[in-house]
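Asks: Okay, here's the structure, questions in a sec.
FYI, it's all coordinate maths here, none of it is from the lab. These numbers come from a predicted model, not from an experiment. Cβ coordinates were reconstructed from backbone atoms using ideal geometry, including for glycine residues, and neighbour counts include every protein chain displayed.
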Protein chains: 2
Amino acid sequence: MIDFPYIKQLTRPTDSKIIMLVIDGLGGYPNPDTRKSELETANLPNLDRIAQESSCGLTNPTPFGITLGSGPGHMALFGYDPVKYLMGRGILEAIGIGMDLGKDDVAARGNFCTIDSNGCLVDRRAGRISSEDAQPLINRLDKITLEGVQVSVQLVRDYRFVLVLHGDGLGDQVSETDPQNLGVPMPEATALSEDSHTTAASANNFIAQARRSLNQRVVGNMVMLRGFSRLPSLPQMTDLYHLRPAAIASYPMYRGIAQLLGMRVLETGDSFEHQIATLEQHYSEYDFFFLHYKPADAAGEDGNFGAKVDALEKLDQHMPEILKLDPHTLVVTGDHATPSIFGSHSWHKVPLMIRSSSTRGDGVQGFSEKSMGTGSMGTVPATNTMLLSLAHADKLRRFGP
Amino acid sequence: MIDFPYIKQLTRPTDSKIIMLVIDGLGGYPNPDTRKSELETANLPNLDRIAQESSCGLTNPTPFGITLGSGPGHMALFGYDPVKYLMGRGILEAIGIGMDLGKDDVAARGNFCTIDSNGCLVDRRAGRISSEDAQPLINRLDKITLEGVQVSVQLVRDYRFVLVLHGDGLGDQVSETDPQNLGVPMPEATALSEDSHTTAASANNFIAQARRSLNQRVVGNMVMLRGFSRLPSLPQMTDLYHLRPAAIASYPMYRGIAQLLGMRVLETGDSFEHQIATLEQHYSEYDFFFLHYKPADAAGEDGNFGAKVDALEKLDQHMPEILKLDPHTLVVTGDHATPSIFGSHSWHKVPLMIRSSSTRGDGVQGFSEKSMGTGSMGTVPATNTMLLSLAHADKLRRFGP
């Protein structure tokens, strides 16, 4: 928790290495038929054995009842209060795909979408148009010009892109143009602060030109913009924790967050096999590794209980490769719950286990929501996960005489 | 928790209805003979079945160890930090009996009490004088006049009344005249802030005149004043949570709190049967119902273990009537513990269960302090109860990307 005022004085560099494995959307909920959660259903011999040797607990969002997005969820895990340091999606996506941003630039996340002849939204994701199909459209959008404001558009993946506006006097307090419902017209962007009128006008001009450029299409004939934001200035993990941190994640947003917090974002591939190979290759160079595992969340979001179980079992098979590196401290947790039966993120607690050279187990036999709740760490505010990780790695000095 | 800065953006109106049943003084403590608490002793088939289908946990006051009054206890349940938004008892009682208050008026709660010939307190409640006997005395007190300050006195019930002072420059930082002990003289009211000297002088003048007016009596020959307070300005639940909230409570203080928070306070009768009838009658009109059940606290305060068990069993028999309304989300909790063996409020945790269309139970079999502690919500700061209720009712958007 970086807002603990003595954090810089208490942290110390040591030789011990921390691997923090973040299983996106880890937390689940019982299937009504079997009364077992995804974790309880999955066969996880390696994660279960780690649980038997770990300090165990559950993290919860602060305050209870709030459902975190993956952005705030990861911020919290690294010790940053997401309420205080929340960043807009536009900036995160732009950084994630490596766009070069100045401190006054405004970024927004874009979706290709589909409207009917009345201008009403019929598909927020344009039939999940592929990256191949989207790239030529992106090239058109990138050629749009606005008076006094430079425009840059880049594809993220599939139907998603980033718009960056570069110019003078661009505030980032602008409303989104996603109506959040189907069958209704799309709202214009509006300025929510005095200094954001130019940004809102530029966004609306961009959308109008994009619509004209796409209007021959049936699917993907419109764009929506949201998450208008500028680069925040964030305390750096190197400085706060005296770490040499590295991030191994495939998805742009997670790479973007890691970079903003001062982690070295390592080049890696799309699969978890690639990520493990990257971890092995760079293991000697850093002392903190954020290792991100996405498939559990994707399956949960799809409402696919079986796929989430599979994703967890696949991860379990990789655990011996991680253990072979013999990290002093292995942290296994998630950024939020994504119960398959809800098909979305939720407010539920998330398992947390920390195995270090000093832990001997809490009597917990397996890796699940219920069993972790009986562990020695109890319920932990998610923003305290980083301190507990540092503590297990012997990287925290005593506070006070 | 209304101090979560994004609360207004995250809450959304939906069709789902929440009934929050607040069992006053719910939390108990084991009887030393049986080692069972009131909840564990009572036969509660309906509440037990609800527990089996709910998210379960325990609420605790913040900070731990604080014993909450019913006022702060209820404020916390509705998401208002009672330390930040604490209201004086005088204001609460005045609003509860429907007195018309201006924003500069100061209200104090009064007791008829009994002093001996030396002026020492011998009975703080004047033998619990009845409302019938008290009313003529109230009429006398209401005729008292003070220079530059208007006086209004109204009976609450039995030995309790409200004094309202109306005038210019009336601060509310005034000490109480209840010595909190018997056999000692009663202290004068003293100003605790610069702007409260007029109020303190008016209060002392009022007490002196009241004493002269009552000095022929043996019992109820004196008054004491406490809880000097002015009307607070509180964020409204309608605005914060996008709810249409209604309150169904018989006792003045709870009605007063509900009104201050923006709930519609429904006319109802003195018994819980009346309250249930009111709930049924108005069920279609609101989407949040605060339903208050008082008898458990009254029995606990009397130190009557058996009576508290009875009060809980009587409530249990009414649960089918509540369930028949088929609320999307049913919250069952208390404002504080009132263990019978202490005969007073206490700092102990309070059971909390939330049954919604998405909950499937936590494996908890019955409604008790111990069993709730094993539930999925764990220990919940009482001020987070409202967020968890909104989350279960699908009335909270996700926070961040």
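Asks: Provide the per-residue ³J(HN,Hα) series for region A:186-193, in order, calculated from phi with Karplus coefficients 6.51, -1.76, 1.60 and θ = phi - 60°, each as a whole number of Hz, with x at glycine and proline positions.
Replies: So the J values, rounded to whole Hz, are 8, x, 6, 6, 10, 6, 9, 8.
Asks: Residue farthest toward the positive end of the dipole of chain B, with Cβ of Lys/Arg at +1 and Asp/Glu at -1: which of B:371, B:268, B:286?
Replies: Farthest towards the positive end: B:371.
Asks: Now for a separate question. Convex hull over the alpha-carbon atoms of region A:242-320: what's its volume per residue in Å³?
Replies: Per-residue hull volume (Cα only) is 95 Å³.
Asks: State the answer as a single residue: which of B:305, A:241, B:388 lies farthest towards the positive end of the charge dipole of the protein assembly as shown, with beta carbon charges of +1 for Lys and Arg and -1 for Asp and Glu, about the Cα centre.
Replies: Comparing the listed Cα positions along the dipole, A:241 ranks first.
Asks: Let me ask something else. Which three extents, in angstrom, do the Cα atoms of region A:72-146 have along their principal axes, listed largest first?
Replies: Ordered largest first, region A:72-146 gives principal extents of 47, 27, 24 Å.
Asks: Considering only C-alpha atoms, what is the centroid distance from region A:225-304 to region B:373-401, in Å?
Replies: That distance is 28 Å.
Asks: While we're on this one: Dipole size in debye (nearest 20) for region A:92-229 around its Cα centre, Lys and Arg Cβ +1, Asp and Glu Cβ -1?
Replies: Result for region A:92-229 is approximately 560 debye, rounded to the nearest 20.
Asks: Further question on the same structure: For chain B, what is the mean residue ellipticity at 222 nm derived from helices alone (per DSSP H run of n ≥ 4: -39500 (n - 2.57); sum divided by total residues; nearest 500 deg cm²/dmol)?
Replies: Rounded to the nearest 500, it is -9000 deg cm²/dmol.
Asks: In a Debye calculation with equal point scatterers on the alpha-carbon sites of region A:301-375 and no solvent, what is log10 I(q)/I(0) at q = 0.12, 0.14, 0.22 Å⁻¹?
Replies: With one equal scatterer per Cα and no solvent, log10 I(q)/I(0) is -0.41, -0.55, -1.18.
Asks: Follow-up question, since we're still on this one. Of the beta bridges DSSP finds with both residues in chain B, what % are antiparallel, to the nearest 5?
Replies: Around 65 percent of the beta bridges assigned by DSSP in chain B are antiparallel ones.
Asks: Taking the Cα centroid of region A:115-135 and of region B:38-95, what is the distance between the two, rounded to the nearest whole Å?
Replies: Taking the Cα centre of region B:38-95 as reference, the centre of region A:115-135 is 49 Å away.
Asks: If you place +1 on the Cβ of every Lys and Arg and -1 on the Cβ of every Asp and Glu, how big does the dipole about the Cα centre of chain B come out, in debye to the nearest 20?
Replies: Rounded to the nearest 20 debye, it is 420 debye.
Asks: On a straight-distance basis, which lysines could pair with residue B:314 in a cross-link, Cα separation under 16 angstrom, same-chain partners fewer than 8 positions away excluded?
Replies: B:294
Asks: Also, quick follow-up: Let me check I have the definition right: for chain A, take the eigenvalues of the Cα gyration tensor, multiply each by 5, take square roots. What are those semi-axes in whole Å, largest first?
Replies: Over the Cα atoms of chain A, the semi-axes work out to 39, 24, 18 Å.
Asks: Same structure again: If amide hydrogens are placed 1.01 Å from N in the peptide plane, which non-local residues have theirs closer than 5 Å to the one on residue B:146?
Replies: So residue B:146 has HN proximity to B:151.
Asks: Please turn the phi angles of region B:279-286 into ³J(HN,Hα) values with the Karplus equation 6.51 cos²θ - 1.76 cosθ + 1.60 (θ = phi - 60°), one per residue in order, whole Hz, x for glycine and proline.
Replies: Here the 3J(HN,Hα) series is 4, 4, 5, 9, 4, 6, 8, 10 Hz.
Asks: Could I ask something else about it? Taking only C-alpha pairs under 8 Å that are 6+ residues apart, what is the relative contact order of region B:222-329 in percent?
Replies: Reported relative contact order: 22 percent.
Asks: List the residues whose amide H sits under 5 Å from the amide H of residue A:192, counting only those 5 or more places along or on another chain, with H placed 1.01 Å from N in the peptide plane.
Replies: A:173, A:174, A:175
Asks: With 35 Å as the cut-off, how large is the P(r) tail for the protein assembly as shown, expressed as percent of Cα-Cα pairs?
Replies: The answer is 56 percent, as a whole percent.
Asks: Which whole-number percentage describes the relative contact order of chain B, with Cα contacts under 8 Å and a sequence gap of 6 or more?
Replies: This gives 34 percent for chain B.
Asks: Could you list which residues have their amide H under 5 Å from that of residue A:379, counting only those 5 or more apart in sequence or on another chain, with H placed in the peptide plane?
Replies: Excluding prolines and chain starts, which carry no amide H, the hits are A:58.
Asks: Taking square-rooted eigenvalues a ≥ b ≥ c of the alpha carbon gyration tensor, is region A:309-348 rounded, prolate or oblate, where a/c under 1.5 means rounded and, failing that, a/b exceeding b/c means prolate?
Replies: Oblate.
Asks: Which value, in debye to the nearest 20, gives the size of the charge dipole of the protein assembly as shown about its Cα centre, when Lys and Arg are +1 and Asp and Glu are -1 at the Cβ?
Replies: On the way: 72 positive and 92 negative charges, 85 e Å.
Rounded to the nearest 20 debye, it is 400 debye.
Asks: Exceeding 18 Å between C-alpha atoms, which entries from my cross-link table qualify? They are A:36/B:324; A:36/A:308; A:17/A:370; A:36/A:349.
Replies: A:36/B:324; A:17/A:370
Asks: Rounded, prolate or oblate: which fits region B:112-226, taking a ≥ b ≥ c as square roots of the Cα gyration tensor eigenvalues, rounded meaning a/c under 1.5, else prolate when a/b beats b/c? List each step's numbers first, then the result.
Replies: Working: a/c = 1.95, a/b = 1.33, b/c = 1.47.
In terms of gyration-tensor shape, oblate.
Asks: Which value results when the Cα radius of gyration for region B:27-88 is divided by 2.2 N^0.38 Å?
Replies: 1.43
Asks: Quick one: Karplus J couplings for region A:123-134, per residue in order, coefficients 6.51, -1.76, 1.60, θ = phi - 60°, nearest Hz, x for Gly and Pro?
Replies: 3J(HN,Hα) across region A:123-134, in whole Hz: 8, 6, 10, 6, x, 6, 2, 7, 4, 4, 6, 7.
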